[in-house]
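Everything below concerns the one structure shown next.
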Amino acid sequence: MSAILFILFAGLAIGCAVSMIVQRNPLYSAISLIGVFISLACIYVTLAAPFIAAVQVIVYAGAIMVLVVFVIMLLNVEEEERPAFRLRYLVPTAILFAALLAAEASFVIFTVQTSPYQQAHPSASANPSEVGLTASIGRGLFTQYLLPFEITSLLLLMAIVGAMTLARRASFLSPNVRVVPGAQVLTRQTVDPRAVGDATAIETDSTIEAERLLGLENAPHAKDRD
Amino acid sequence: MELTPQLSWYLALSAVLFTIGVVGVIVKRNVIAMFMCIELMLNAVNLTFVAFSSYFRDVSGQLFVFIVMTVAAAEAAVGLGIIIAIFRNRESLDVDEANILRL
Amino acid sequence: MDWNFVLSIILQFTAITVAFTVVLMIVAYTVLAERRVLAFIQGRLGPNRVGYGGVLQPFADLLKFILKEEIVPDKSTKFVYFLAPILAITTALMPLIVYPFGPTVRLPFLGDIALVIARFDVGLLYVLGITSVGVYGIALAGWSSNNKYSLMGGLRASAQLISYELSLGLSLIGVVLMSGTLDLSGIVEQQSAWYGMRWNIIFQPIGFIIYLISAIAETNRVPFDLPEAETELVAGFHTEYSALKFALFFMAEYVNMFTVSMLATTLFLGGWSGPFIQQLPWLGPFYFLGKIIFFLFLYIWIRGTLPRFRFDQLMNFGWKFLLPVAILNIILTATLALFGWI
C-alpha cells in the first residue's frame, strides 16, 4: 500500500516537474510547480513528517508561489519563444549535465541500497517514526538548534528590509511641480510597472505640452491624435 | 503487496527532480521560469533531507528543511523584487537580452 | 489485501461524502436564510413564494444555474478559466474533515466511534494550509477572464486574503499555546471540562475578536467585500463567469463562511462541548451545529448593518492595527502561560 502511494505521488511530482519545464506560458509553469509542491507534501506525509508537509503547503504553495503568480500577472509575462539555434547547443549541454548528475546519483543510491545499515520504513508498525510530530520538532528547534533559529529570523528581517528597498519607486527628491486644479493634468498609468515614477502632476496649458514634458510624445496614442 | 518503499527510492526521486531542475535552468529563457526551476532544485534537496531524517529517526533533517524553507521564502521575496526592478529598466524578462550591464 | 483496511477506507469515503452533502445542503439554506434575514433587517420580506415560506428556493436557484446559458469569454485562457472555480470549491470543502462533530459515542453494534473523519497531529496547520492555497481560485479567476475589472477585483481580493491570513493564523496561536496541541480534537476535548463550559473564549477574548474580524475579511464579506461589490467593480473577479461556474464560486464563498464558523466554534466556543455533555454524548452534534448557526447569523447580521471599507482603509487596518494586536496577544498569552496562570 505505501508502495502504491509512493509511486502515485512520485509520478505526479515528476509529471508536474516535466510539465513545468516544457510549458512555454509561465503561468502554466507556475501552476505545474504548485502541483509539484503539493505532491511533495503528500510524500512527506507518507514519510511520517506531517509538520513539514503542512509547512511546505503553507510556505511554498501558499506564499512563495502566490508571490510568483502575482508577479507573472502584474508584469503580464508573455509566452517564451524558443529559437532553434539556441536550443541546438543548449539541449546537448543539458543532457550532458543530466547524465553526469544521474551517474553521481546512481552511485549514491547504489551505496545506500546495499549498505548494511538498513532501516525500517518510517510508518512501520514495529518502530514508527516519532520525529515528525510537532512536539519533537519544537523540542529540537528551541533547545539544540536555537542559534540557527535566531539567525533565520534575522535573515527574514534582512529580506523584508531588502524587499522594501527594492520596491521603492520614487527618488527622495520630488520634482519641482505644483498642482493647480483645473489646469490640464496628465498622469501615467500607475498599474503599469513600467512607469518609472509616481503619478506626477504637471501644470501646463495643453495636453501636447504635458506629453512632451513627461516624455510620452512618442507613445503609440500620441501619434493618432491631430 | 508487502513491498515498502526503500530509502533509495526517495533518493532516486529526489535526484530525478533535481536533474529536471538543472535542465530547466539551462534551457529556459524567461528569468521567472529559471527562478522556479531553482525552487524545484531546493525542494528536491528538501526531500532528501526529510527521507534521511525519517528513515534514521533523527529530527535534525527536518529542522534543516524548516530552515531551508525559510531561506527559500526570503530569497523568493528579494529575488522577485530584483526581477521586477530589472523588468522596469529593460522592459524584457529575457536573460539572453540581458547580456550587457548598460540598459 | 487486508479487508479491515479496505473497509475502513470505504467508511472514510462514505463519511466524507455524507459530510460534504450535509454541508452543501446547509450552505444552500444559508443563502436562503441570508436573503430572508437581510430582508427583515431592511424592512421587507424575502423570497417566500417557492414552497412554504420559501424553503424550496435553493432548488429553484440550482435549477436556474444549471439551465442558464454558459458564456465563455473568447480570449480567456481556457484551462485556467475552468480550473479556477474547481480550485475555489475544492479548497473551501477540504478543511471539513478535521473537525470533531461530537464526542466519542458508543453505538450498539459498532462499538466506540469518534465523530471525526480524520484525526491527525497537525489538524490546525492543515486548515491554515488549505486556506493559503485558496487564494489561487480568486487570483486565477481574475486573471484568466481577460477583463480589466476582473483582474483588478481578483488582485484586490487576493491581496486582502493574504494580508488577513496573517492575523488569522496569529490569533489562533494563543489558543494553541494554551492547549499545547495542534490537534483540533484535542483542543475541543480540553474545553469540555468545567461541566462542558471551559470554553477558550473566556481565556482569549482578544484572540477571538481578532479571529472574527480576520475571518470576515478572509471570506470577502461585508464590511470587507470591496473586491466583489457590485457598485465598484461590476462583480469583481467572477464577472465573466456564468451559470454553473458562477454557482461554484458562490457556493465556495458560503462554504468558506461555514468553514471559518466551524473553526471559530471549535477553537473558541468549545466545539461540541456544552452542558450535560458527559451524560448525553449525542447532544454534541446539536451543540456544534447550534453554535455554527449562531456564527452564520452573526455574519448575516453584520452584513445588514455595516457599510463597507475602502480598499486602502482595509489594508491599513489589517497591517497596521490587527497584526500588531495579534502579536501582542501572543506575547501576553505566552507570558501568562510561562508563569502558569493559564
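Values in this text are rule-based calculations from the coordinates and carry no lab data. Since the structure is predicted, the reported quantities are computational estimates derived from the model, not experimental observations. Cβ atoms come from the backbone with ideal geometry, glycine included; neighbour counts cover every protein chain shown.
Between residue C:102 and C:115, the built amide H atoms are under 5 Å apart, and every one of these is 5 or more places off in sequence or on another chain.
Could you point to the residue in A:158, C:289, C:18 farthest towards the positive end of the protein assembly as shown's charge dipole, with +1 and -1 charges on the Cβ of Lys/Arg and Asp/Glu respectively? The one lying farthest along the dipole's positive direction is C:289.
For a 21 Å ceiling on Cα separation, which of these pairs sit above it: C:68/C:148; C:78/C:245; C:68/C:245; C:64/C:148; C:245/C:291?
Too far apart for the 21 Å limit: C:68/C:148; C:64/C:148; C:245/C:291.
Across the stretch A:99-110, coupling constants 3J(HN,Hα) worked out from phi with the 6.51/-1.76/1.60 Karplus curve, θ = phi - 60°, read 5, 4, 5, 5, 5, 4, 5, 5, 4, 4, 5, 4 Hz, and Gly and Pro carry x.
Summarising the label geometry, the points placed 7 Å from Cα in the beta-carbon direction at residue A:151 and residue A:139 lie 2.5 nm from one another. Assuming R0 = 35 Å, can you tell me the calculated FRET efficiency for the pair residue C:332 and residue C:294, based on Cβ-Cβ distance, to the nearest 0.05? So, using R0 = 35 Å, E works out to roughly 0.85. Counting, for every residue in C:132-144, the Cβ atoms of other protein chains within 10 Å of its Cβ and taking the mean gives 4. Decide, for the stretch C:126-279, between rounded, prolate and oblate: order the square roots of the alpha carbon gyration tensor eigenvalues as a ≥ b ≥ c, take rounded if a/c falls under 1.5, and otherwise choose prolate if a/b is larger than b/c, else oblate. Because a/c hits 1.5 or more and a/b exceeds b/c, the stretch C:126-279 counts as prolate. Modelled label positions at residue A:102 and residue A:4, each set 7 Å beyond Cα in the direction of Cβ, lie 3.0 nm from each other. Per-residue mean of foreign Cβ neighbours for A:15-22 is 5 (Cβ atoms of other chains, 10 Å radius).
Determine, for A:37, C:203, the number of other Cβ atoms within 10 Å of each Cβ, and report the residues in order from fewest to most.
C:203, A:37
Proximity of backbone amide H atoms, modeled 1.01 Å from N, is registered between residue C:198 and C:193 at under 5 Å, excluding neighbours fewer than 5 places apart on the same chain.
Exposure proxy for C:302, A:72: other Cβ atoms within 10 Å of each Cβ, ordered fewest to most, give C:302, A:72. Rounded to the nearest 500, the 222 nm mean residue ellipticity of chain C from helices alone is -21000 deg cm²/dmol, with -39,500 (n - 2.57) taken per DSSP H run of at least 4 residues. Pairs of alpha-carbon atoms within less than 8 angstrom and 6+ residues apart define the contacts here; what relative contact order does chain B have, in percent? This gives 27 percent for chain B. With contacts taken as Cα pairs under 8 Å at a separation of at least 6 residues, chain C carries a relative contact order of 23 percent.
When the Gaussian network model of chain B links Cα atoms closer than 10 Å, the mean-square fluctuations of B:75, B:91, B:39 top out at B:91. With a/c under 1.5 counting as rounded, go ahead and sort the protein assembly as shown into rounded, prolate or oblate using the C-alpha gyration tensor (a ≥ b ≥ c being the square roots of the eigenvalues; past the cut-off, prolate if a/b is larger than b/c, else oblate). Oblate shape, in that a/c is at least 1.5 and b/c is the bigger or equal ratio.
Taking the centroid of alpha carbons for each part, the stretch C:1-48 and the stretch C:119-188 are 21 Å apart.
For the stretch B:67-73, 3J(HN,Hα) computed residue by residue from phi via the Karplus equation (6.51, -1.76, 1.60; θ = phi - 60°) reads 5, 4, 5, 5, 5, 5, 5 Hz, glycine and proline entered as x. Taking amide hydrogens as placed 1.01 Å from N in the peptide plane, the amide H of residue A:204 sits under 5 Å from those of A:184, each at least 5 positions away in sequence or on another chain. Its relative contact order, with pairs defined as Cα atoms under 8 Å and 6+ residues apart, puts the stretch C:215-294 at 18 percent. Computed from backbone phi, the HN-Hα couplings of the stretch B:28-45 come to 7, 9, 6, 6, 6, 5, 5, 4, 5, 5, 5, 4, 5, 5, 4, 5, 4, 5 Hz, rounded to whole numbers (Karplus: 6.51 cos²θ - 1.76 cosθ + 1.60, θ = phi - 60°; Gly and Pro given as x).
Listing C:25, A:20 from fewest to most neighbouring C-beta atoms within 10 Å gives C:25, A:20.
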